[in-house]
1. Which of the lysines could be linked to K66 by a straight reach, that is with a Cα gap under 19 Å, when you skip same-chain ones fewer than 8 residues away?
2. Can you work out the FRET efficiency for the pair N187 and V93, with r the C-beta to C-beta distance and R0 = 30 Å, to the nearest 0.05?
3. Return the FRET efficiency for the residue pair E136, T174: r is the Cβ-Cβ distance, R0 is 51 Å, and the value is rounded to the nearest 0.05.
4. At q = 0.11 Å⁻¹, what is the base-10 log of I(q)/I(0) for the range 47-129 according to the Debye formula with one equal point scatterer per Cα and no solvent? Please give it to two decimals.
5. Order R203, R139, most accessible first, counting only protein heavy atoms with a 1.4 angstrom probe.
6. Would you please give the residues with an amide H less than 5 Å from that of R241, counting only those at least 5 places away or on a separate chain, with H modeled from the backbone geometry?
7. Just the accessible area for F223, please: 1.4 Å probe, Å², rounded to the nearest 10?
8. For the chain, what does the accessible surface come to per residue with a 1.4 Å probe? Please give it in Å².
Amino acid sequence: MHILVCLNLCLAVIFGCDSNSSETIESNIHEQVLTVDSHVDTPYFLFHHPDFDLSKWHDPYETNSKLDFPRMQQGALDAAFFAIWVAQGPRTVEGNENAKQRALDMATLIHDNLFRHEHLAELAITPDDAYRLEQEGKRAIFIGLENGYPIGNELSLVETFFDLGVRYITLCHTRNNDICDSSTDPNGPEHGGLSQFGFAVVREMNRLGVMVDVSHISDDAFFDVLNCSTVPVIASHSNARALYDHPRNIDDLMIVKLAENGGVIQVNFYYLNEPDPHHPDQLATVSDMVDHIDHIVSVAGVDYVGIGSDFDGGGQLADCFDVSEMPNITRELIQRGYTEKEIQKIWGGNLMRVMSEVLNGSRSRRTVEVN
Ligand SMILES: [Zn+2]
């Protein structure tokens, strides 16, 4: 009896120490690196819940909300791109005007929320902002525009949105628009890739320093973008088609081409697996998601992959159900043998590299223009 108790105690000490030290390594790495989520639809949630207070902690199961500032802090997520999402509607003068107005309203909503909670979070418009805010212990909030529909066919609106802080534009959503074909339009392609206006939009985004986001666009539009853009591009929330054959995902050739261009694919928490006919509501796991990271790394290397959850836009995992559980991803990456340096790249280093190149490209381009 005495020996057994002693043995149990010894085992408890040994295993206790072991799990404590691995948890410390994991939380150290997770705290150390700049962690960036390139796609959350929280502005859409805010738009429909005007009383939602981003400065308060919320239960994700009770509120169906995936992100607030206390939970970002809890999950040590330093930065997130708040997507201004506008559903595709009629491409008429009136439809375009309504889409533009909706996007402007959502930009105002983001700015108002950041102003109200400036002690917790700030607008970020450059990678330096994110690194500075991380040091200050504040959340860095970038803005992306999901769907170019609000631009309608007015090129000057790209600069209007840039001036409001928009740093990437997803060229379309689930339907074709005036810029390009969507990967999921039930009527099939309309332009055969980018439209003539779409080419002009990409050039204007290059000029200003707005990242071109190829998530949602058709394969032909993807290749048109790569041929047109003079700087790297991103997929803000897309997965590997080799693991789940869905038009929203990106095949291996596209992964290689995007990497050759210097861009980055941000793996999301949606479109990870073929839906299980017996358990259609079963959520995918962190392990499923990291399988996509592993695949992209095996095809192109660790410099071209990141994370874009799609929280508040349908993205969720059984074991990363909201933003507070982001450390589970770091734990999985460590278990699979990724080094701290590699984790730093995946968690934001790669995306910040692309963002810098896009902004610097714009700077040199404008200098040339002035000269
Ligand atoms: Zn989306």
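The values are calculated or read from the model by the stated rules, or taken from the named source; none is laboratory data. Predicted model, so just to flag it, every value in this text is computed and none were measured. Note that we place each Cβ from the backbone using ideal geometry, even for glycine, and neighbour counts take in every protein chain shown. For the accessible areas, the whole protein counts, side chains as well, though only heavy atoms, and no ligand, DNA or RNA atoms are used. Shrake-Rupley method; radii C 1.70, N 1.55, O 1.52, S 1.80 Å.
1. Here the lysines satisfying the reach criterion relative to K66 are K56, K138.
2. That pair, N187 with V93, gives E of 0.90.
3. Here the calculated transfer efficiency is 0.85.
4. -0.38
5. So the residues, ranked largest to smallest area, are R203, R139.
6. Those qualifying (amide H under 5 Å, at least 5 residues apart or on another chain) are I250, D251.
7. That residue has around 60 Å² of solvent-accessible surface.
8. Heavy-atom SASA per residue in the chain reads 43 Å².
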